[in-house]
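These notes are about the structure you will find just below.
Laboratory data are not the source of any read-out in this text; all were calculated from the coordinates shown. What you are looking at is a predicted structure, and each value in this text was computed from that prediction instead of being measured. Glycine gets a Cβ as well: all are built from the backbone with ideal geometry, and neighbour counts include every protein chain shown.
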Amino acid sequence: MTNTNEVLIETVNLQKNFGCLKVLKGINEKIYKGEVVAIIGPSGGGKSTFLRCLNMLEEPTGGKVIFEGDVLDAKSTDLDAHRQKIGMVFQQFNVFPHLTVMDNITLAPTLEKKIPKAQAEAEAMQLLKQVGLEDKAKEYPRKLSGGQKQRLAIVRAMAMHPDVMLFDEPTSALDPEMVKGVLEVIQKLAESGMTCVIVTHEMGFARNIADRILFIDEGIIMESGTPEEIFDHPQIARTQEFLAQVL
Amino acid sequence: MGPSIIDVFLQYWPIFLKGTVGTLKYAFIAVSLGSILGALIALINLSKNKILNAIGMIYVNVLRGTPLLVQMYIAYFFIPIAIPALNSITKEVYVLIALILNSSAYVSEIIRGGINSVDRGQTEAARSLGMTASHTMTKIILPQAIKNILPALANEYIAMIKETSLAGTFMLYELMYTRTLLANKFLVWQPLFIIAGIYLVLTLILSWLVRILERRLSVSD
């Protein structure tokens, strides 16, 4: 895994309130190019909200998100253009049910990047082969299993050639036997050098794949470090408690 | 008692036919123009601008919360006073305006409901890919919302067929107006049953078509 010193995403004092509930209480963090970061922590601790702030699906209440040097919540920033470089995969897949597998993948590239349809389809076919869905290109998503839908969602995001991929609990809604296939796809992606930020409950996977672990609870990053540091020698009582519960 | 229902129908069927065509025509005009206006109102109500939302909600609540007959009277008597330039237009148009405005309020809620019925995750997925707000609406949300909107719009058309009966009060040539025409010939009760029967046949046939439409649309789910 190629860790350069180039910062891809930086958050400065990132805060998010839902009404009077403070979900993020000022997060300062840097994600480096080529890095694989896994975010763990208890439900309701703010880890998904943090991830969703990185592409402005949640508008921060305070602070800044800087992506490739541009402040994302600045009025002058072309948010759509930046989002094209930030792929996202959701817990509930969110594939487009009214489009075929192929059209799910090619819609955004042809529409927003003006890539010729034939080229987009050829590329989509390549991506589908990589995740073992090449024979499903003409199907509608209702014919796919949960695991296949999630692999489609990953491919759909990849087709935009993003600089970073955000995963929001990508296996939490899957039947247990589907989890492995999806994790393998993410692992391959990470090994190819793609910058990944992954919110996950799969501790074994996080330990295996991540360069760095962030433990988020109560709206802040309680502890961060290498997988060995976090899993084998957690420094903070809250981290120890959490790991004792999930491992 | 006078002549039987069947005798009246056989003798005057061209009048009833003309009335039926009028009813279908006025309902169609009201719902189709009401749909265009309703789509605009729905956009206003779905926008993030609080002032626009308030205007849209007032519009919808006033038109849905007052009787159509009152709205027709207001249109019929007030438009010529308020806008004298429109005096030369036939009175038919005033009544149609009331029908269109009334329909637009219901249609706007149908469209708003249809759009809101599409899972939020669809919007999030589209926006996360960098799709613009308008592409997200036209390529992702509307194609899915239309499955809920079309059957409801067809039902609105069926409801409007019954609502247009009020237009007969203002001498618009639709089904209910045939009652007035035949009452002048001292036929008081027979036309009422014929009119009721025609309304029933129209709504039953259209309801059946809507069910077929719903089945067609749900195939791709």
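Please give the helix A:237-246 orientation as an angle from the longest Cα principal axis of chain A, in degrees from 0 to 90, rounded to the nearest 10. In chain A, helix A:237-246 runs at an angle near 40 degrees to the longest axis. Taking Cα centre as origin and charging only the Cβ of basic (Lys, Arg, +1) and acidic (Asp, Glu, -1) residues, the dipole magnitude of the protein assembly as shown rounds to 1940 debye.
Averaging the sequence gap over all C-alpha pairs within less than 8 Å and six or more residues apart, then dividing by the number of residues, gives chain B a relative contact order of 30 percent. Across the options A:MET178, B:PHE9, A:ALA244, the greatest Cα extent toward the positive end of the charge dipole of the protein assembly as shown (unit charges at beta carbon of Lys, Arg, Asp, Glu) belongs to B:PHE9.
Hey, fewest Cβ within 10 Å first, where do B:PHE78, A:PHE96 land in order?
Ascending number of Cβ neighbours within 10 Å: B:PHE78, A:PHE96.
Test of understanding: extend the Cα→C-beta vector of A:ASP78 to 7 Å, then name every residue of region A:101-137 with backbone N under 16 Å from that spot. Taking a point 7 Å out along Cα→Cβ of A:ASP78, the residues of region A:101-137 whose backbone N falls under 16 Å are A:109-115.
Ordered by packing density, taken as the mean number of other Cβ atoms within 10 Å over each peptide's residues, highest first, how do B:144-150, A:56-62 rank? Don't jump to the answer; show the numbers that get you there.
Numbers: B:144-150: 19.4, A:56-62: 17.1.
For the peptides B:144-150, A:56-62, the packing ranking is B:144-150, A:56-62.
Ranking B:ILE140, B:ASN87, B:ALA42 by how far each Cα lies toward the positive end of the dipole of chain B (charges on Cβ) leaves B:ILE140 at the top. Note on B:LYS25: aspartates and glutamates with a C-alpha under 12 Å away, same-chain residues under 8 apart excluded, are B:GLU174. Between helix B:190-218 and chain B there is an angle of about 20 degrees, using the helix long axis and the longest principal axis of the Cα atoms.
Enter the mean number of other protein chain beta carbons within 10 Å of the beta carbon of each residue in B:116-127, as an integer. Could the numbers behind the result be given before it?
Working: counts 0, 0, 2, 3, 2, 6, 5, 2, 9, 14, 6, 7.
Mean partner-chain Cβ count within 10 Å for B:116-127: 5.
Across B:LEU86, B:LEU129, B:LEU175, mean-square fluctuation computed from a Gaussian network of chain B (C-alpha pairs under 10 Å connected) peaks at B:LEU129. Taking each of A:LYS114/A:LYS143; A:LYS22/A:LYS114; A:LYS114/B:LYS48; B:LYS91/B:LYS185; A:LYS114/B:LYS50 in turn, the alpha-carbon distance tops 32 angstrom for A:LYS22/A:LYS114; A:LYS114/B:LYS50. In this simple spin-label model, placing a label point 7 Å from the Cα along the Cα-to-Cβ direction at both A:GLU6 and A:HIS201 gives a separation of 3.6 nm.
In region B:1-77, which chymotrypsin sites (Phe, Trp or Tyr not before Pro) are in a loop and have at most 13 other Cβ atoms within 10 Å, using DSSP for the loop call?
Hits after loop and neighbour filter: nothing returned.
Note on the protein assembly as shown: dipole from Cβ charges, positive end direction compared against B:THR23, B:ILE161, A:ILE40; the farthest Cα belongs to B:THR23.
Eigenvalues of the Cα gyration tensor times 5, then square-rooted: what semi-axes does that give for region A:78-137, in whole angstrom, largest first?
Working: eigenvalues 74, 50, 24 Å².
The three semi-axes for region A:78-137 are 19, 16, 11 Å.
Here the label points at A:GLN126 and B:VAL21, each 7 Å from Cα along the C-beta direction, are separated by 6.3 nm in the simple model. Compared with the dominant Cα axis of chain A, that is its longest principal axis, helix A:146-158 is turned about 90°.
Pop the C-beta distance of A:SER43 and B:ILE83 into the FRET formula with R0 = 51 Å and round what comes out to the nearest 0.05. Working shown, then result.
Details: r = 61 Å, r/R0 = 1.20.
In this case the efficiency is close to 0.25.
Of all lysines in the structure, those lying under 19 Å Cα to Cα from A:LYS30, and not within fewer than 8 positions of it along the same chain, are A:LYS16, A:LYS47, A:LYS64, A:LYS85. Potential lengthening of the chain between A:HIS233 and A:LYS113 amounts to 38.6 nm, from the contour at 0.36 nm per residue minus the alpha-carbon distance. Distance distribution note for region A:16-79: the fraction of Cα pairs above 17 angstrom is 43%.
Is there a quick way to get the dipole size of region B:5-220? I mean about its Cα centre, with the Cβ of Lys and Arg at +1 and of Asp and Glu at -1; what is the value in debye to the nearest 20? Walk me through the numbers on the way to the answer.
On the way: 17 positive and 9 negative charges, 72 e Å.
That gives a dipole near 340 debye.
Taking 0.36 nm per intervening residue step and subtracting the Cα-Cα distance, what contour gain separates A:LYS138 from A:GLN187 on full extension?
Values: separation 49, 0.36 × 49 = 17.64 nm, distance 2.65 nm.
15.0 nm is the gain from fully extending A:LYS138 to A:GLN187.
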